[in-house]
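Colleague: Below is one structure. I have some questions about it.
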Amino acid sequence: MVFDQASNSWAGQSYEEIVQTADRDGSVVVVPVGSVEQHGHHMPVATDTILVNAVATLGAQRASDDPVLVTPPVWTGNSPHHMPFGGTISVGVHGLLDLLERVADTVLDSGFDALVFLNGHGGNAATIDDATSTVGDTHPTTEVLALTYFELAKEFINEVRESDLVGIAHAGEFETSLMLHLEPDLVDTEALEGTPLDEPYDRANEDLLERGPLSVYRTFDEYSAGGAIGNPHLATVEKGERIFDTLGNEFADLLANIYEQTT
């Protein structure tokens, strides 16, 4: 992989450039956290990692006047519910928490004023919240925050989506549209298949962005024979471009807010 040294990529910088960025007032480091897990018949197992890394990078580029760097993504997470399909690599709750704490400890050793865990997989969310607490506790002078990137779509997604509720749960209209825009060669449009989410508890999750108060554990094969939940047939490049552009703006706005809070 070739990294653009003029970008906000941690991996594309020399160590001196990283330390110089960290030394600036209001410096922010973003750690994207994804997963490697099945995404139906039509998308690659690295979908969550690809998407969260892209959103993190776009937001950082649009906040280019501020000292922001994006680390290489943490590519594995907590995905035991996807294991029945094969292809999944999961480190579990304790493995992910330990990994994030170790990454944060070493990243912050360079001197950044703030760290953001940007999450790309729903199964990581609770563990990343825990990591925010534990890392914040051990680094009291650093602003430590966490966000799941697709939560930024709540305010605008109804202006874009065509599917009804349960149409964007997993590898559905939302993620497939983003992948069609960002990595079209990795989407097999002849293999599009999705199952509407059918969760019997009415207080549980109803959709990607409709998170009910009730947590329920099920393996994904209980929901879908093919692994995708939602309606990927409604995905388009145009929707993906619009969603991605707006997510980038939303994340850039958050980064600007963090900069203001730390200067």
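Colleague: What single numbered condition from (1) acidic (Asp, Glu); (2) under 29 Å from residue 18 (Cβ atoms); (3) crowded, with 20+ Cβ neighbours inside 10 Å fails to hold for residue 183?
Modeller: That leaves (3) as the condition not met.
Colleague: Considering (1) closer than 30 Å to residue 107 by Cβ; (2) within 19 Å of the chain's Cα centre (by Cα), say which one residue 141 fails and leave the rest.
Modeller: Result: residue 141 passes all but (2).
Colleague: Every residue in the range 26-52 that is within 14 Å of the chain's Cα centre (by Cα) and open to solvent by less than 10 Å² (accessible area, probe 1.4 Å), please.
Modeller: Residues satisfying the conditions are 30, 31, 32, 33, 34, 35, 37, 47, 48, 51, 52.
Colleague: Say we look at the range 204-224 and pick out the residues that are open to solvent by 100 Å² or more (accessible area, probe 1.4 Å) and not in a helix (DSSP H, G or I); which of these is modelled with the lowest pLDDT? So that I can check it myself, show each step before the final result.
Modeller: Taking the range 204-224 as the starting set, the residues that turn out to be open to solvent by 100 Å² or more (accessible area, probe 1.4 Å) are 211, 213, 215, 217, 222.
Of the ones still in play, those that are also not in a helix (DSSP H, G or I) are 211, 213, 215, 217.
Numbers: 211: 87, 213: 93, 215: 93, 217: 94.
The extreme case among them is 211.
Colleague: Give the residues of the range 131-157 that are closer than 22 Å to residue 58 by Cα and either surrounded by fewer than 18 Cβ atoms within 10 Å (Cβ to Cβ) or touching a Ser or Thr at 6+ places or on another chain (Cβ under 7 Å) (or both), sorted by residue number. Steps first, answer last, please.
Modeller: First, pick out the residues of the range 131-157 that are closer than 22 Å to residue 58 by Cα: 143-157.
The answer is 143, 144, 145, 146, 151, 154, 155, 156.
Colleague: Kindly list the number of the only condition in (1) more than 13 Å from the chain's Cα centre (by Cα); (2) of a type outside the set (Ser, Thr, Tyr); (3) buried (at least 24 other Cβ atoms within 10 Å of the Cβ) that fails for residue 23.
Modeller: Every condition holds for residue 23 apart from (3).
Colleague: Please tell me if residue 189 is more than 20 Å from the chain's Cα centre (by Cα), open to solvent by less than 60 Å² (accessible area, probe 1.4 Å) and in contact (Cβ under 8 Å) with a residue 24 or more places away in the chain.
Modeller: Details: more than 20 Å from the chain's Cα centre (by Cα): yes; open to solvent by less than 60 Å² (accessible area, probe 1.4 Å): no; in contact (Cβ under 8 Å) with a residue 24 or more places away in the chain: yes.
Considered against the rule, which asks whether it is more than 20 Å from the chain's Cα centre (by Cα), open to solvent by less than 60 Å² (accessible area, probe 1.4 Å) and in contact (Cβ under 8 Å) with a residue 24 or more places away in the chain, residue 189 comes out as no.
Colleague: Looking only at the range 230-251, count every residue that is in a helix (DSSP H, G or I) and open to solvent by 10 Å² or more (accessible area, probe 1.4 Å) and tell me the total. Don't jump to the end; show me each part of the working.
Modeller: The first filter runs over the range 230-251 and keeps only residues in a helix (DSSP H, G or I), leaving 232-234, 237-251.
Okay, now just the ones that are also open to solvent by 10 Å² or more (accessible area, probe 1.4 Å), so 233-234, 237-239, 241-242, 244-246, 249-250.
Result for the range 230-251: 12.
Colleague: Quick one: residue 137 ticks every box in (1) outside any helix (DSSP H, G or I); (2) over 24 Å from residue 37 (Cα atoms); (3) modelled with pLDDT of 95 or more except a single one, so which number is it?
Modeller: Residue 137 satisfies every listed condition except (1).
Colleague: What are the residues in the range 61-107 that are in a helix (DSSP H, G or I), open to solvent by less than 40 Å² (accessible area, probe 1.4 Å) and under 16 Å from residue 13 (Cβ atoms), if any?
Modeller: Scanning the range 61-107 gives a single hit, 107.
Colleague: Across the range 47-93, what is the number of residues that are among the charged types (D, E, K, R) and in contact with a His (Cβ under 8 Å, 6 or more places away or on another chain)? Lay out the reasoning, then the answer.
Modeller: Residues of the range 47-93 among the charged types (D, E, K, R): 48, 62, 65-66.
Add one more test, that the residue is in contact with a His (Cβ under 8 Å, 6 or more places away or on another chain), and what stays is 48.
Total meeting the criteria: 1.
Colleague: Separate question: Out of all the residues in the range 161-176, is one or more open to solvent by 30 Å² or more (accessible area, probe 1.4 Å), modelled with pLDDT under 95, over 19 Å from the mean Cα position of the chain (by Cα) and closer than 17 Å to residue 82 by Cβ?
Modeller: Filtering the range 161-176 for residues open to solvent by 30 Å² or more (accessible area, probe 1.4 Å) gives 161-162, 164-166.
Within this subset, residues satisfying the condition of being modelled with pLDDT under 95 are 164-166.
Now narrow it down to the ones that are over 19 Å from the mean Cα position of the chain (by Cα): 164-166.
From what's left, closer than 17 Å to residue 82 by Cβ: none.
Checking the range 161-176: not a single residue is open to solvent by 30 Å² or more (accessible area, probe 1.4 Å), modelled with pLDDT under 95, over 19 Å from the mean Cα position of the chain (by Cα) and closer than 17 Å to residue 82 by Cβ.
Colleague: One residue is enough: does the range 210-226 have a residue meeting the conditions in contact with a helix residue (DSSP H, G or I) (Cβ under 6 Å, 6 or more places away or on another chain) and among the hydroxyl-bearing types (Ser, Thr, Tyr)? Break it down stepwise before answering.
Modeller: We begin by selecting, within the range 210-226, every residue in contact with a helix residue (DSSP H, G or I) (Cβ under 6 Å, 6 or more places away or on another chain); these are 219-221.
The next check asks that each one be among the hydroxyl-bearing types (Ser, Thr, Tyr); those that pass are 219.
Looking through the range 210-226, at least one residue is in contact with a helix residue (DSSP H, G or I) (Cβ under 6 Å, 6 or more places away or on another chain) and among the hydroxyl-bearing types (Ser, Thr, Tyr).
The values are calculated or read from the model by the stated rules, or taken from the named source; none is laboratory data. The structure displayed is predicted, hence computed values, not measured ones. With ideal geometry, Cβ positions are generated from the backbone for all residues, glycine too; neighbour counts draw on all protein chains shown. Only protein heavy atoms, including side chains, enter the accessible area calculation; ligands, DNA and RNA are left aside. Shrake-Rupley method; radii C 1.70, N 1.55, O 1.52, S 1.80 Å.
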